[in-house]
Amino acid sequence: MSVPFIDLSRVVREVRDEVLADWAACLDETAFVGGARVDALEAELADALGCRAAVACSNGSDAIVLALAVRGVGPGHRVATSDLTFWATYEAIVQVGARPVLFDVDEDLHLDLDALFEAHRAAPLDAVVLPQLFGWCAPRTVALRDWCRAEGVALIEDSAQAFGVALKGGASVLAGAPLATLSFYPAKVLGGASDGGAIVTDDPEVAARLRVLRNHGRADHYRFAEVGWNARMSGPNAAYLSRMLARRDAIVGQRRRALDRYAERLAVDPRVRLHRGPAGVTGNGYLAVVTVEGWTGDALADGLRARGIGCARTYPETLSQQAPARDAERAMDPARARAFCRDVVNLPLFYGIADDEVDRSAGALLELVAGG
Ligand SMILES: Cc1ncc(COP(=O)(O)O)c(C=O)c1O
């Protein structure tokens, strides 16, 4: 019996009746773009994360563009980011007209902050986009916020994958973020019924300007205060996300437990490493990130698929290996990021995964590598 890498139908089954009623109301009210459901989602999201304000938008990519724009990042600016992230992080920097500067990762697979601080001393950076990846976050996120504030460097935390990640004491990593972005792509921990995203901030004035920027820079219906974007969220998607948000404890709790189960099962082979992030950070169980000594990610993925186990490779290549980024400024050799990309494989992990599916996936991996 095969195991899917992801199966969204399980959560959909759970919310189906509630969502159908919400969507019927959206039809009856013709509440298609923005409106009360989007306002409600923003309030619920800010409350759930412990942030002062949340601004819903079209997707996690536009969220980064808007966040860079609200900080005034644009042409002539150098923006540091990690060479190991989803392509959208890079795109957003280029789309506002700024120049990406790429860094390798540390042992927790996040932007190498020591290298960043050193590079800034040699040639000042204007902004940092910090990707918070894999289901945990950069261990020194709070220190980076302080450093950026002191140095006058804009910081955008690309937290597309980080809903549900907590710091010591249990508060969301987003609670104290000056400016952070989320993606609600359906496969994310908090997934929508369409593309969706949000920006959270500790500054209500920044939130107010973001609401203008995401809506064509509108001051009024046909008066425009700035050149903005159409980056609005739909009413039906906001309604669906509110239903998901109400289940956040169950969703994150079950993902964490599945990851704990993987850790127990995989511990029998010392060559198998399940990456879980640094001490002091409680992950959200977004991805089961595995590397195996002596194996490439492609060989692991082929072997798993041959055994009926769905898998992914997040990510098979770095940013600087992508054709449009070949000439991007590299602050250092991204050796660690490249080695990780060569080796990584992701096992099935999603809300609703059964214990037995975790056991079979872990068992298939162990059997595969025992034979090689
Ligand atoms: C790290 C990271 N940044 C940005 C994005 C872009 O989000 P979206 O797909 O909602 O545009 C994603 C989503 O895949 C992501 O994982």
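Average projected area of the Cα convex hull of the chain, in nm²?
Numbers: hull surface 74.8 nm².
For the Cα atoms of the chain, the hull's average projected area reads 18.7 nm².
Ratio of alpha-carbon Rg to the 2.2 N^0.38 Å globular estimate for the stretch 248-370, to two decimals, please.
On the way: Rg = 15.5 Å, N = 123, 2.2 N^0.38 = 13.7 Å.
Compactness ratio reported: 1.14.
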For this session: May I ask you to evaluate 6.51 cos²θ - 1.76 cosθ + 1.60, the Karplus curve with θ = phi - 60°, for each residue of the stretch 325-332 and list the ³J(HN,Hα) values in order in whole Hz, giving x for glycine and proline?
Result: 10, 4, 9, 5, 5, 10, 6, 6
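Only Lys, Arg, Asp and Glu count, each charged at its Cβ (+1, +1, -1, -1), so figure out the dipole size of the chain about its Cα centre, rounded to 20 debye. Walk me through the intermediate numbers first.
Values: 40 positive and 49 negative charges, 20 e Å.
Its charge dipole is roughly 100 debye.
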Exercise. For the stretch 151-168, in order, what is each residue's ³J(HN,Hα) by Karplus, 6.51 cos²θ - 1.76 cosθ + 1.60 with θ = phi - 60°, in whole Hz (x at glycine and Pro)?
Worked result: 8, x, 9, 5, 10, 10, 8, 7, 9, 3, 9, 9, 4, x, 7, 10, 9, 3
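What is the sum of charges around G60, taking Lys and Arg as +1, Asp and Glu as -1, for the other residues whose C-beta is under 14 Å from the C-beta of G60? Write out the running numbers ahead of the final one.
On the way: positive: K188, R214; negative: D62, E91, E157, D158, D195.
Around G60, the surrounding residues sum to -3.
The chain: longest stretch without exposed GluC sites (Glu not before Pro) (DSSP loop, at most 14 other Cβ within 10 Å), sites themselves excluded? Before the final figure, lay out the partial values.
On the way: sites that count: E107, E226, E293.
The longest uninterrupted stretch comes out as 108-225.
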Seminar exercise, completed: One finds the C-alpha centres of the stretch 119-166 and the stretch 224-258 to be spaced, in Å, by 22
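Among the chymotrypsin sites (Phe, Trp or Tyr not before Pro) within the stretch 193-236, which fall in a DSSP loop and have no more than 14 other Cβ atoms within 10 Å of their own Cβ?
Working: sites: Y222, F224, W229; in loops: Y222, W229.
Taking the stretch 193-236 and a limit of 14 other Cβ atoms within 10 Å, the loop chymotrypsin sites (Phe, Trp or Tyr not before Pro) found are Y222.
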Exercise. Using r as the Cβ-Cβ distance of Q322 and S194, and R0 as 30 Å, what FRET efficiency do you calculate, to the nearest 0.05?
Worked result: 0.70
Seminar exercise, completed: In whole angstrom, the spacing between the Cα centers of the stretch 185-207 and the stretch 74-104 equals 20
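Every number here is computed from the coordinates shown, using simple stated rules; none is lab data. Keep in mind that this is a model prediction, so the values were computed, not measured. Every residue, glycine among them, receives a Cβ derived from its backbone with ideal geometry; neighbour counts consider all protein chains shown.
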